[in-house]
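Inspection log for the structure reproduced underneath, given as structure tokens.
The values are calculated or read from the model by the stated rules, or taken from the named source; none is laboratory data. Treat the numbers as computed from the prediction; the structure is a model and nothing was measured. Glycine also receives a Cβ, built like all others from the backbone with ideal geometry; neighbour counts cover every protein chain displayed.
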Ligand SMILES: Nc1ncnc2c1ncn2[C@@H]1O[C@H](COP(=O)(O)OP(=O)(O)O)[C@@H](O)[C@H]1O
Ligand SMILES: [Mg+2]
């Protein structure tokens, strides 16, 4: 879906924007860096000037100090969270693509299931998280299943959109070339769906750590979510800040990883287009 | 010997709000090896006609025979080029050309690959064999689409307004190139176009269709020997034929499209 938006963008506008970026080399990195560092300094100075107690708002230097001190533990907890996020996401990916394929393949499944999927997507999933303890019990399984639920929808929806997006004329053409339905699925529909599926993957991949952390809030005694809850509960706010920081960096890293996988998998898509050859 | 024989073919689309009588009754025979150009006003059923002959759509009346068989499924022995090149974004040029060989098991891969290479050379795009479609201009892309259509040595080539999206100069160039590819192949060709000049330049015969529902309005032999040069378009006989076609459209009060 977002991939379509990229495609629809006039080439000229994209080129102009690129030229503007090139005209100020480093500006895209340097400027946010300056404002970011400025913000940190202001925060540090404000905390010191107002003599705020650390449990209310810790200074950045204190958070950094705590991070160094608790590095080992933070990484171990990150390991739990990352495992739950990755397992949940991968299960959601497989289920989502299969469900999307089934919805596309069968009119009956489409009519009977898809509307309910879309409607149930409107239920805020955080609200139902506690129910998972009732149904599945406290622990990793609950956490993973909650992550699956949390990340499933963008993949289904984008898979369906992608598989339905194949050019009708192109499908007619390959039919005239003697393609079987399976061949046109494999050689046309699926590749044509990849940009859309990757758009879903990117959304879900960034949702996965969020899902895992929420799962840990309610159903786990390990992981960064649990640690965050414990730290705030005992007013160890600097440690809570450190946990939030680690979660955030992890989320950003996941996004870049998804982006990298996308670039390697579909280099032919709009993202990498350049000069046109010949007359 | 006729490659295609149509007798009183009709097509009605049964749409929601009302039926559209798109085509016919239309009778037409294309001798083997002939290049037939079809011109007619926009919406008169030209694309419908092509789809019916190719077995991609059913006629609602009359008989459609290709290579002396009734058509009721996509016919195997044809290469098709549409106005949009319909290249696969995710394949490079040579792999795009190879697509038909992958889809029908009759063609040996090795042979097909050599032929693909040769076709790209003949069409002047061999240097782009490893490039992706988005790296090519519209004219280059359409040449690749032609190579793909010709890969499995089809005995028939169907072209539905193949050059309509190209600028005039590229279009002239493509006319010369297409003629070169056809030369000596004996391919029965059905060319749908809205350019009268293109129709006369490329064909052995031009069929003029009426407005919807399309029927045959005129059927004109084009006797010029091949290879033809673009300067042929200034030949008085050529101009006469072009005028004869244009008069049909002026009389009907429609533009060619
Ligand atoms: N699938 C369809 N359903 C309903 N009407 C159609 C369909 N395809 C074409 N038509 C109608 O049939 C007529 C002929 O269409 P077409 O063969 O595409 O014309 P041409 O190629 O000569 O411009 C047009 O009026 C068009 O609107
Ligand atoms: Mg048409």
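Points to keep in mind about this one:
- The listed residue being more than 9 Å from chain A (Cβ to nearest Cβ) and at negative phi, out of B:121, B:102: B:121
- 2 or more residues within 30 Å of residue B:152 (Cα to Cα): qualifying helices (runs of 4 or more DSSP H) within region A:98-200: A:140-164, A:168-176, A:181-184
- Residue list for region B:1-23, filter: within 16 Å of ligand 2 (Cβ to nearest atom) and touching a helix residue (DSSP H, G or I) at 6+ places or on another chain (Cβ under 9 Å): B:11, B:13, B:22, B:23
- Taking the criterion of being free of Cβ contacts under 8 Å to residues at least 12 places away in the same chain and touching a helix residue (DSSP H, G or I) at 6+ places or on another chain (Cβ under 7 Å), the only residue of region A:73-107 that qualifies is A:102.
- Any hit, region B:138-145, residues being under 13 Å from the mean Cα position of the chain (by Cα), within 16 Å of ligand 1 (Cβ to nearest atom) and under 30 Å from residue B:41 (Cα atoms): no
- Counting only strands (runs of 3 or more DSSP E) that sit wholly inside region B:136-254, those with at least 2 residues that are within 13 Å of chain A (Cβ to nearest Cβ) and in contact with a helix residue (DSSP H, G or I) (Cβ under 8 Å, 6 or more places away or on another chain) are B:156-160.
- If the condition is being more than 9 Å from ligand 1 (Cβ to nearest atom), within 14 Å of chain A (Cβ to nearest Cβ) and touching a helix residue (DSSP H, G or I) at 6+ places or on another chain (Cβ under 9 Å), then region B:40-76 contributes B:54, B:55, B:56, B:58, B:66, B:71, B:74, B:75, B:76.
- Yes/no for residue A:217 being at negative phi, in contact (Cβ under 8 Å) with a residue 40 or more places away in the chain and crowded, with 24+ Cβ neighbours inside 10 Å: no
Yes/no per residue for (1) surrounded by 15 or more Cβ atoms within 10 Å (Cβ to Cβ); (2) within 20 Å of residue A:198 (Cα to Cα); (3) at pLDDT below 90:
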site	(1), (2), (3)
A:100	yes, yes, no
A:107	no, no, yes
A:129	yes, no, yes
A:148	yes, yes, no
A:156	yes, yes, no
A:159	yes, yes, no
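- Test: residue in region B:95-103 that is within 18 Å of residue B:177 (Cα to Cα), more than 16 Å from ligand 1 (Cβ to nearest atom) and at pLDDT 90 or above: yes
- In this structure, residue B:16 does not satisfy being at positive phi and within 12 Å of ligand 1 (Cβ to nearest atom).
- Of the candidates B:171, B:212, the single residue that is surrounded by fewer than 23 Cβ atoms within 10 Å (Cβ to Cβ) and within 15 Å of the chain's Cα centre (by Cα) is B:171.
- Every listed requirement among (1) in contact with a strand residue (DSSP E or B) (Cβ under 6 Å, 6 or more places away or on another chain); (2) at pLDDT below 95; (3) within 14 Å of ligand 2 (Cβ to nearest atom) is met by residue B:38 save one, (2).
- The selection criterion, being within 14 Å of ligand 2 (Cβ to nearest atom), surrounded by 17 or more Cβ atoms within 10 Å (Cβ to Cβ) and under 28 Å from residue B:125 (Cα atoms), does not hold for residue B:52.
- A single member of B:244, B:251, B:226 is surrounded by fewer than 19 Cβ atoms within 10 Å (Cβ to Cβ), farther than 23 Å from residue B:162 by Cβ and modelled with pLDDT under 90, and it is B:251.
- Test result for residue B:7, away from ligand 1 (no atom under 15 Å from the Cβ), within 15 Å of residue B:215 (Cα to Cα) and either within 14 Å of another protein chain (Cβ to nearest Cβ) or in contact (Cβ under 8 Å) with a residue 60 or more places away in the chain (or both): no
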